[in-house]
Amino acid sequence: MTTSSSNAFRPRRSAGLAAPAALALIALALPAAPLAAQQAEMAEPRMSWDPNDPRIGLEAGWRDAGEASWNLTLLTNLQRPDGFMNPETPGDGRFTNTDLAFQGDRLFQGNYNGFQVFDISDPNAPRLEVAVVCPGGQGDVSVYGDLLVMSAQENRGRLDCGVEGVEETVSDQRLLGVRIFDISDLSNPRQVAAVQSCRGSHTHTMVEDPTDPDHVYIYIQGTGRVRPGDELPGCIDAEPEEDQNTALFRIEVVRVPLAAPEEAEVVNMPRIFADYETGDVAGLWGGGDHGAGTQSTRRTNQCHDITAYPALGLAAGACSGNGILLDITDPVNPVRVEEVVDPNFAYWHSATFTNDGSKVLFTDEWGGGSAPRCRATDPDTWGANAIFRLEDGELELAGYYKLPVPQTETENCVAHNGSLIPVPGRDIMVQAWYQGGVSVLDFTDPANAYEIAYFDRGPLSDEELFTGGYWSTYWYNGFVYGAEISRGIDVFALEASEHLSEAEIEAARLATLDEFNAQMQPRYSWPAATPVARAYLEQLVREGGILSARAQEVEGAISGTLSADRLTRVATALEGDVAQIRAAALGGDADKLEALAGVLRGLAAQQ
């Protein structure tokens, strides 16, 4: 149930960028025009696109759909294995592929029916190692050392992973929460703990405490109905004014002892949506629209996703009606330090920080992921990304990005999960758009984000809408991996282009990880290597951020046989330029020049 925005508590800050889509819709809210005229106006395009875009008009099909790609090469596709698909239809939601996690040379694929583990030591030919059938819905996975955590939010989920489900309204065999598996022996994963929660686990977030190496923490984000108190004591389905102990308006914090994960337990249920002045637990967006021509935004009584960035001590929460920032320096007691609303957002879904923490990109899952929301008649700021600058702890809206090509009525499409591609000096992200495909965007300038690569298939059907397409697309150690809901796993390689050089791609490949969980964002770093120096140099030349003569000096220093003396001399000259720029005596990009000088000094030290 939602309430009128006129009666809702309004957070102290609202997204401040003018919303063209909202303005365009104001006229439609006025009753003066005849209904036929209003319908005709509604059919007018609300976005612009290239009419020759190859993604338009692709042939439909489950396993034989038409394909279009640009600057992104499909290396291989792996269909879902037996036990994780219905061969008769792509639309059987019991076998939906969901989120991905990575560790070493392995990819972990979540599924509504369990999880699969693939050996990706050769990304051109991944190999299925193990498949664990364990129904429970959602199935998002994270890995941490010898542990795998999986979300469960459907009533069929059983404590014993049984496939028979649970028929009773109240049952001590039901699991709604997170499962914890010991994967130290990958040939025999063992469930060692099952942590129950009142609303299940739609997603979860792994959080580290740098002062506590003996534990890892899990934030449970539940979005389901509150289960009966007879099934799990303490689960109260009530409004706050009826019972302040309601299971709404909170998350759960689970502490997991690494030496004894079977002892995992809920240690806090923080009220991160509370009005800190009044104590009202329902202190954020109350639901409803934001005025004429705006979105109807869900009430803030849950988080869909929380992305922790331990290097900053912060987490960004996409919490139905609000985007929020949390101080997680004490993981057991996260504290909200910032919140924003956006009149173009229907449901705040997920969040990604830039590597330097200067921006946060939030996604809007308008339509819940199962509706066509990328049609020509859909506003280009609805179901999109909203990009915020983060400065001095405050979020300020800077721009939007939405898939720049229309999709059909039989293609569910909206902004969904993605990750950074670690190109030094730029903010680049690969992102899933369900049946809208894969889009790679550059949002270094958040007011002018643009697409630099894509891959797309035609709809699963041109006669009816099946929920399908990409759930997640993530960069991991040099390649892009896509979790396709009904078509399995895709592996991609980036191609050099006018938008992304070979040196920039090579530099991104040098920023490797041992583990990757999208909701526990890592801070990337790059070695002192020639591709990194060349990536910075190429960017500076393109942007006019370096003196022409200095650019030639850098090129000479990083070409051919490297000389420590020459590299050092050029680094010193760059640092002199930086000082002049910061003294307003010279134009240029001081930060990037300083980064380049650091790489040159690192190269010099290796000689």
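Backbone phi angles across the range 237-249, fed through the Karplus curve with coefficients 6.51, -1.76 and 1.60 (θ = phi - 60°), yield HN-Hα couplings of 9, 7, 6, x, 5, 8, 7, 5, 8, 3, 7, 7, 6 Hz in residue order; Gly and Pro are listed as x.
For the range 377-389, backbone phi angles converted through the Karplus equation (6.51, -1.76, 1.60; θ = phi - 60°) give residue-by-residue couplings of 8, 8, x, 7, 10, 10, x, 10, 8, 10, 10, 10, 7 Hz, Gly and Pro being listed as x.
Spin-label model, residue 73/residue 462: points 7 Å from Cα along the beta carbon direction are separated by 3.1 nm. Candidate values [x] 176; [y] 237; [z] 203 were compared with volume of the Cα convex hull per residue in Å³ computed on the shown model; the agreeing label is [x].
Over the range 464-607, the hull volume per residue, using the convex hull of the C-alpha atoms, is 162 Å³.
With a 1.4 Å probe and all protein chains left in place, how much of the accessible area of the range 523-607 comes from carbon and sulfur atoms, in whole percent? That share works out to 50 percent.
Taking Cα pairs under 8 Å and at least six residues apart, what relative contact order does the range 428-468 come out at, in percent? Kindly include the intermediate steps, with their values, before the conclusion.
Working: 57 pairs, mean separation 13.4, N = 41.
Reported as a whole number, the value is 33 percent.
Taken about its Cα centre, the chain carries a charge dipole of about 680 debye when Lys and Arg each add +1 at the Cβ and Asp and Glu each add -1 at the Cβ. Taking amide H positions as modeled 1.01 Å from N, with prolines and chain starts lacking one, the residues under 5 Å from residue 99 and 5 or more places away or on another chain are 110, 140, 141. In terms of overall dimensions, the range 334-478 has a Cα radius of gyration and Dmax of 15.0, 51 angstrom. Taking amide H positions as modeled 1.01 Å from N, with prolines and chain starts lacking one, the residues under 5 Å from residue 282 and 5 or more places away or on another chain are 275. The long axis of helix 564-582 is offset from the longest Cα principal axis of the chain by roughly 70 degrees.
Compute the FRET efficiency between residue 562 and residue 335 as 1/(1 + (r/R0)^6), taking r as their Cβ-Cβ distance and R0 = 35 Å, and round to the nearest 0.05. Mind dumping the intermediate values first?
Numbers: r = 49 Å, r/R0 = 1.39.
After rounding to 0.05, the efficiency reads 0.10.
List the residues whose amide H sits under 5 Å from the amide H of residue 338, counting only those 5 or more places along or on another chain, with H placed 1.01 Å from N in the peptide plane. Residues meeting the amide H criterion: 325.
Could you state the accessible area per residue of the range 425-477 in Å², with a 1.4 Å probe and every protein chain left in place?
On the way: 1250 Å² over 53 residues.
That works out to 24 Å² per residue.
The angle between the Cα long axis of helix 590-606 and the longest principal axis of the Cα atoms of the chain comes to about 70 degrees, rounded to the nearest 10.
At a Förster radius of 25 Å, what calculated FRET efficiency corresponds to the Cβ-Cβ distance of residue 396 and residue 584, to the nearest 0.05?
Numbers: r = 25 Å, r/R0 = 0.99.
After rounding to 0.05, the efficiency reads 0.50.
Using 0.36 nm times the number of residues separating residue 184 and residue 244, minus their current alpha carbon distance, what extension gain do you get? Kindly include the intermediate steps, with their values, before the conclusion.
Numbers: separation 60, 0.36 × 60 = 21.60 nm, distance 4.20 nm.
Using 0.36 nm per residue and subtracting the Cα-Cα distance, I get 17.4 nm.
Computed extension length for residue 542-residue 168: 128.2 nm, one decimal, from 0.36 nm per residue of separation with the Cα-Cα distance subtracted. Each residue of the range 470-479 was assigned a 3J(HN,Hα) from its phi angle through the Karplus curve 6.51 cos²θ - 1.76 cosθ + 1.60 (θ = phi - 60°); the sequence is 7, 7, 9, 9, 10, 8, 8, 6, x, 9 Hz, with glycine and proline shown as x.
Counting only DSSP beta bridges with both residues in the chain, tell me the antiparallel percent, nearest 5. It would help to have the intermediate numbers written out before the result.
Values: 123 of 127 bridges.
In the chain, approximately 95 percent of DSSP beta bridges are antiparallel ones.
The values are calculated or read from the model by the stated rules, or taken from the named source; none is laboratory data. Here the structure is a predicted model, which is why all the values come from computation and not from measurement. Note: ideal-geometry Cβ built from the backbone for every residue, glycine included; neighbour counts use all protein chains shown. Surface areas here come from the heavy atoms of the whole protein model, side chains and all, with no ligands, DNA or RNA. Shrake-Rupley method; radii C 1.70, N 1.55, O 1.52, S 1.80 Å.
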